[in-house]
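Here the structure is laid out as structure tokens; the discussion comes afterwards.
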Amino acid sequence: MGGRWIDRLGTAAVAAVPLLVLIAFFLYPVGGMVARGFWPGGSFHPGGVWDVLERSRVHRVLWFTVWTAGLATALAVVLGVPVAFVLHRLSFPGQGLLRTLIVVPFVMPTVVAGVAFRELIAASGPLGGLHLDGTPTAIVAALVFFNVSVVVRTVGSFWEGLDRRTEEAAAALGASPLRVFGTITLPALLPSIASAASVVFLFCSTSFGIVLTLGGLRYANVETEIYQLTTQELDLQGAAALSVLQIVVITGLLVLSHRARRGSPALSRQARPGRRPRWRDTAVIAWSFLVVAMLMTPLATLVEESLRSPDGWTLANYRALQTTGSDDALLVTASSALRNSFVIAVQAAGIALVLGVIVSYLVSRRPRTGAARRLTGLFDGVFMLPLGVSAVTLGFGFLITLDRPPLDLRTSELLIPIAQAMVALPLVVRTVAPVLTSIDPRQREAAASLGAGPLRVLAVVDLPHAWRAVLASIGFAFAVSLGEFGATSFLARDDSPTLPVVIYDLIGHPGAANFGMAMAGSVVLAAATGAAMLMVDRFRVASVGAF
Amino acid sequence: MTGLAVRDLTVRFGSTTAVDAVDLEVPGGSVTAVLGPSGSGKSTLLRAVAGLEAPASGSVAYAGVDLDRVPVHRRGFALMFQDGQLFAHQSVARNVGYPLRLRHRPASEITARVSSLLDLVGLAGFEDRSPATLSGGERQRVALARSLAVEPRMLLLDEPLSALDAGLRERLAADLAAILRAAGTTTLLVTHDHEEAFAIADRIVLMREGRVVQGGTLDDVWRAPADAWAARFLGYAVVLDGGPARRLRDLVDPAATWASVALRRSAIQLQDGGPLSGTVLAARVGPEQVRLELEVDGLGRIEGVADPGHRVQAGDRVALGVVPDRLAALPGPA
Amino acid sequence: MRTRKNRQRLLQLAAITATGALVLSGCGSSSADTANGKVLTIATHDSWAMSKSVMAEFKAETGITVRIAKNGDVGELTNKLVLTKGDPIADGVFGIDNTFATRAIDEGVLARYTPLIAPASLRQFELTGNGQSYLTPIDYGDVCINLDDTWFAKHKIAEPKTLDDLVDPKYKGLMVTPAATTSSPGLAFLLATIGHYGPTGWKAYWEKLLDNGVKIDAGWTDAYEVDFTAGGGHGDRPIVLSYSSSPPFTVPKGGTKPTTSALLGTCFRQIEYAGVLKGAKNPQAMQKFISFMINKQFQAALPDNMYVYPADTSVALPADWSTWAPVSPDPISVSPADITKNRTQWLDEWRDLTTR
């Protein structure tokens, strides 16, 4: 009689772990920060928050956010879909390297990419002739740079699993390749494109470092506006209004993305290997190489700068990573910061993995009742929220809420790994959950009927299917954590900073040597994240980096 | 000439040769089945004919015209897969009308043609259904209607009935045969199921490991399997050679010279006073005959049948006769 | 039986993961050290840098270990302190400057503390009113227009001298500055123009600056390292807003003379203060550290580490500083109280001007 209740209690207990962590380290801090806006001086004054939304500057900021994010999303889709085809439907030597390269921008620290972009488009840079510096075009280009890989991975992994014979049937019925794409492939891809587009829009509209570096003050989006209102003007009502707005829009987008995914078939795990390229693929391959080249140009600029000194070509900048910079610009050497980054990334990946696997396990079950299904959907969605909520609000929220036992963590060394884990968690869930969902539930039922308990079922059914995805998600979480800057930078930084923070510190100090060292550090960081992603690619898990 | 002519066709995937120097003719208006086990290269052959795989060497020609440089969509063939591959995001009517829309036929003509095609495949009134709501058999019928919509020069069927359950398969096979003959469409069919091949095709080509083992009319192939493997694949129950084969030869045709022979299950029958004798190992009563497992003296373990009236049981000694036209002599030893 | 066992397993699993998470969240808080006075936490801005030997000296003298917590730029630092007032994130603060000082004081972030013994020259940098009993001046720096002398020499164009010169069409498109809204030197430059042209005149000046093609970047880094001709990125603008202490860093290897110079008539003086936070766990240790910061050794180390001038003017400057980085004899000033009162309005007006 009570058995079902005990089962439910068990599930609830398992679900409670990640939920409690999310509440403690995300909802509570963000809520605390927003509450400060609604309760200025201790009494409830919501009117002040709504008044903010009538400011003309806020309207300008909103419009700028919407149009840049919208345009960047459209461009990322246009650029990314052909690349998804080339990297996921064809098969040729060097493809693995290309797949890795394309993800590197996504895991790059925004501060590094921002400077790389500026180096590129500044009037004196290689693309100076285009006069992009300080224009919204530059911002949109940088947003596209960061997000093309999301489109490629999401659409690509879905495309890989599509049954090619449908297209072949259409071709045999007389449809030209273009026609097959337009009438068969594209409609079938739409759910994945919609899903990718909504996530890209989310990333673009909450982008912080890029808009701040490239937009200067002329252009601000909601995220940089929250930053300014909070850190410079202490206008908590304004910040709260924008944060709430952000959460509402993001929830809408997540619902949209969830709907789009729901209509699509489960991920195919036995995708046919891609075919070899033919002559008629030339255009699309050329397009892909062009896109990859575009993505690599800012990175190439970094490499070039890292090898340059006022006296010519040199490796001195790399040797300097063993030091604290010229005039002791740093508290620790860059190499020990790299070590810190590794330690923190391992911790963050560990936390994200434990929580992410639990969340994936729970959302991959297929509940029978509608209410339970909705609950699962809600559970899934709530863990995606950290992707889209302002890092400023979260960072300041940590400061004002995590100051009392048992959560007196403001100065804890674990705060940074936890904050990074919150950022990596959605990525782990999106990597592991689709694989677990694709397991035929009858396999688990068969194992259980043969006498396997829940843990044993996990070991004999889920694990053999999902271990690659789990390992890949560790690598991905690790790479993301290595490059994470936004959330980290708003937490108190002390004597054990991460490499992105050190790079940021270095470029904030005058002197060509420090600048070169920052560039060298950036190259090392990009190489480390690239290596992590290369390892991830070896597992050939289609869902890595897909949404 | 009309119809399809494949000459010396070879398709390779890396170091494996999937189709190895195959010659194949599909005369205009005929239904030809390529029969082979999985991995025999038959599907690759079909895909190469459709233009989906690039041959390493050899040629594919239709009506005397080489198709080497003709892309898939210009070959005027229609390809139908095991599971139909209906376009999930389109209604039944839009699926069937798809090739017509490609050819920019007027809407009124498309509507009329779609409804007459659905009629032909027995799905009148299914226009607005979504493929997701159809049964397996219904989906195959829609796929067939779609394939026939533009009167293709040739229809290519890849295991069209394999995904269906037995009863449905039998019915649809009969319908398919009738529809194909009514439409007069040249058809190339690949299957691993000899019953499917026999039910639909009038010519058969047997493939193994990328090579054609034999080909001809149903009757030719059925009567004279090229070797023991072919015989077993075509559904013969047992192949005998050496002493047992000689003993059987002496019994049915002492003048013949063959050294090896394939027997259908019904070749050995319970017959009072028959020339052979044996022991019943097992007997199972079926609706039309009793199926026997026998230890035949001088021949070994063989399957046989008895009329349903006979009451036999394991351990009985019985007399047995041979039905000569249920034997097929094989060239060479098994 | 079996199902009950399964349930037990499931509950065990839940319990294990829950404990794991609790252990994870529990183990990093080590407040024991802070309580017994051995660790001093100082909140500061991102530009903090101090040589290890100097810090080791403090540890040797007092037995106190200093933990530096960088908290963004001055604005972010101040606002974090305001938000965590009553339960501060550190024991003391270093780096609040004269543009944010009165906000910190007015919001009640700081505890009253005045060092007993201080060099006489500190007086000139002290806040007026009761501010001096909360914040002790430690260093100062002049935010000034910098020029790439090499560029001007090469292009044979006369260098600008004053703020007025900068709107001369001769220098159209040659200047870059960080934004007042996102950068503290940027704000300093805005205050310099407000101090020089008055609370009404500055807007007209900025309109002319904008007409003359001034480029506005987000931060000092972007302006100096990317757009300035003598910066790391080899930009294309030879006039940049930076510090009077920047030129010595442009002495080329093997050279003796910097390639850039500061315009001393355009400077706004930023004074950085240290103070004890109200509600600090370890206020005595911070008091000791403030005393340490105004002694000669720490003061002498400031220029090389943080590119600022020691508030104790009797301390000798590094050789190249005394030659190539003189401070402004007559910096432009705006009173801290005026800044706090008008900051939001000025910034709004400035933003409206520059984003038009």
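The values are calculated or read from the model by the stated rules, or taken from the named source; none is laboratory data. Since the model is a prediction, treat every value here as computed from it, not as a measurement. For neighbour counting, all protein chains shown are included, and Cβ atoms are generated from backbone atoms with ideal geometry for every residue, glycine included.
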(message) Can you find a residue that is modelled with pLDDT of 85 or more, touching a Ser or Thr at 6+ places or on another chain (Cβ under 7 Å) and of a type outside the set (A, V, I, L, M) anywhere in the stretch B:282-296?
(response) yes
(request) Taking only the stretch C:66-97 into account, find how many residues are in contact with a Leu (Cβ under 7 Å, 6 or more places away or on another chain) and more than 10 Å from chain A (Cβ to nearest Cβ). (result) 5
(message) Suppose we keep only residues that are over 21 Å from the mean Cα position of the chain (by Cα) and hydrophobic (A, V, I, L, M, F, W, C) within the stretch A:360-395. Which one would you say is nearest to the other protein chains (Cβ to nearest Cβ)?
(response) A:L362
(message) Here is a list: B:R284, B:R301. Which entry is out of contact with any helix residue (DSSP H, G or I) (no Cβ under 9 Å at 6 or more places or on another chain), outside any loop (DSSP other than H, G, I, E, B), basic (K, R) and closer than 16 Å to B:D241 by Cα?
(response) B:R301
(request) Scan the stretch B:306-325 residue by residue and report those that are at pLDDT below 85 and touching a helix residue (DSSP H, G or I) at 6+ places or on another chain (Cβ under 8 Å). (result) B:P324
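Could you list all residues from the stretch C:59-96 that are of a type in the set (S, T, Y) and without any contact (Cβ under 8 Å) to a residue 12 or more places away in the chain? It would help to see each step written out before you state the result.
Restricting attention to the stretch C:59-96, the residues satisfying the condition of being of a type in the set (S, T, Y) are C:62, C:65, C:78, C:84.
Selection gives C:T84 alone.
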(message) With the requirement that a residue be closer than 26 Å to A:T206 by Cα and charged (D, E, K, R), what does the stretch A:405-446 give you?
(response) A:R410, A:R430
(message) Against the conditions (1) β-branched (V, I, T); (2) more than 26 Å from A:A76 (Cα to Cα); (3) within 14 Å of chain B (Cβ to nearest Cβ), where does A:I193 fall short? Just the number, please.
(response) (2)
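Being over 17 Å from the mean Cα position of the chain (by Cα) and among the hydrophobic types (A, V, I, L, M, F, W, C) narrows it down to one residue among A:L214, A:L202; which is it? Don't jump to the end; show me each part of the working.
On the way: A:L202 fails: over 17 Å from the mean Cα position of the chain (by Cα).
Criteria check complete, one pass: A:L214.
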(request) Within the stretch B:78-97, identify whether any single residue is among the basic types (K, R), assigned to a loop (DSSP other than H, G, I, E, B) and within 13 Å of chain A (Cβ to nearest Cβ), and answer yes or no. (result) no
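Counting residues that are free of Cβ contacts under 8 Å to residues at least 60 places away in the same chain, which strands (runs of 3 or more DSSP E) fully inside the stretch B:197-251 reach at least 1?
Working: elements: B:203-208, B:211-217, B:238-241.
It comes to B:211-217.
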(request) Just give me the residues in the stretch A:410-445 being of a type in the set (G, A, S) and within 13 Å of chain C (Cβ to nearest Cβ), in sequence order. (result) A:S412, A:A419, A:A421
(request) Check A:E233 against each of (1) in contact with a Leu (Cβ under 8 Å, 6 or more places away or on another chain); (2) more than 26 Å from A:G80 (Cα to Cα); (3) modelled with pLDDT of 85 or more and name the one condition it does not meet. (result) (3)
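Out of curiosity, is C:P238 buried (at least 24 other Cβ atoms within 10 Å of the Cβ), within 11 Å of another protein chain (Cβ to nearest Cβ) and modelled with pLDDT of 90 or more? So that I can check it myself, show each step before the final result.
Details: buried (at least 24 other Cβ atoms within 10 Å of the Cβ): yes; within 11 Å of another protein chain (Cβ to nearest Cβ): no; modelled with pLDDT of 90 or more: yes.
No; evaluated as a whole, the condition is false for this residue.
Does the stretch A:331-349 contain at least one residue that is small (G, A, S), modelled with pLDDT under 80 and surrounded by 16 or more Cβ atoms within 10 Å (Cβ to Cβ)? I'd like the intermediate steps shown before the answer.
Residues of the stretch A:331-349 small (G, A, S): A:334-337, A:341, A:345, A:348-349.
Pick out the ones that are also modelled with pLDDT under 80 and you get none.
No, every residue in the stretch A:331-349 fails to be small (G, A, S), modelled with pLDDT under 80 and surrounded by 16 or more Cβ atoms within 10 Å (Cβ to Cβ).
Which of the residues spanning the stretch A:77-124 are of a type in the set (S, T, Y) and part of a helix (DSSP H, G or I)? I'd like the intermediate steps shown before the answer.
So the first thing to find is which residues in the stretch A:77-124 are of a type in the set (S, T, Y), and the list is A:91, A:100, A:110, A:124.
Listed by number, the residues that qualify are A:T100, A:T110.
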(request) Report yes if A:V144 is more than 7 Å from chain B (Cβ to nearest Cβ), crowded, with 24+ Cβ neighbours inside 10 Å and either of a type in the set (A, V, I, L, M) or within 25 Å of the chain's Cα centre (by Cα) (or both), otherwise no. (result) yes
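Conditions (1) within 12 Å of chain C (Cβ to nearest Cβ); (2) part of a helix (DSSP H, G or I); (3) of a type in the set (D, E, K, R), marked per residue:
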| position | (1), (2), (3) |
| --- | --- |
| A:R60 | yes, yes, yes |
| A:F64 | yes, yes, no |
| A:W67 | no, yes, no |
| A:A72 | no, yes, no |
| A:L75 | no, yes, no |
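Please state which one of B:G51, B:G39 is buried (at least 16 other Cβ atoms within 10 Å of the Cβ), at pLDDT below 90 and within 24 Å of the chain's Cα centre (by Cα). Please lay out each step first, then the result.
Values: B:G39 fails: buried (at least 16 other Cβ atoms within 10 Å of the Cβ).
Only one candidate passes the filter, namely B:G51.
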(message) Checking the conditions here, which among A:S481, A:S489 is within 14 Å of chain C (Cβ to nearest Cβ), among the polar types (S, T, N, Q) and under 30 Å from A:L338 (Cα atoms)?
(response) A:S489
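Here is a list: A:V470, A:V423, A:V428, A:V461. Which entry is of a type in the set (V, I, T), within 25 Å of A:L491 (Cα to Cα), crowded, with 18+ Cβ neighbours inside 10 Å and out of contact with any Pro (no Cβ under 9 Å at 6 or more places or on another chain)? Steps first, answer last, please.
On the way: A:V470 fails: within 25 Å of A:L491 (Cα to Cα); A:V423 fails: out of contact with any Pro (no Cβ under 9 Å at 6 or more places or on another chain); A:V461 fails: within 25 Å of A:L491 (Cα to Cα).
When all the criteria are applied, what remains is A:V428.
Step by step: first the residues of the stretch C:241-255, then only those that are assigned to a loop (DSSP other than H, G, I, E, B) and more than 8 Å from chain A (Cβ to nearest Cβ), then the one that is surrounded by the fewest Cβ atoms within 10 Å (Cβ to Cβ). Which residue is that?
C:G254
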(message) Please go through the stretch B:229-243 and give me each residue that is closer than 15 Å to B:H194 by Cβ and of a type in the set (A, V, I, L, M), ordered by number.
(response) B:A230, B:A231, B:L234, B:A237
(message) Looking only at the stretch C:209-228, count every residue that is surrounded by fewer than 24 Cβ atoms within 10 Å (Cβ to Cβ) and over 17 Å from C:A180 (Cα atoms) and tell me the total.
(response) 2
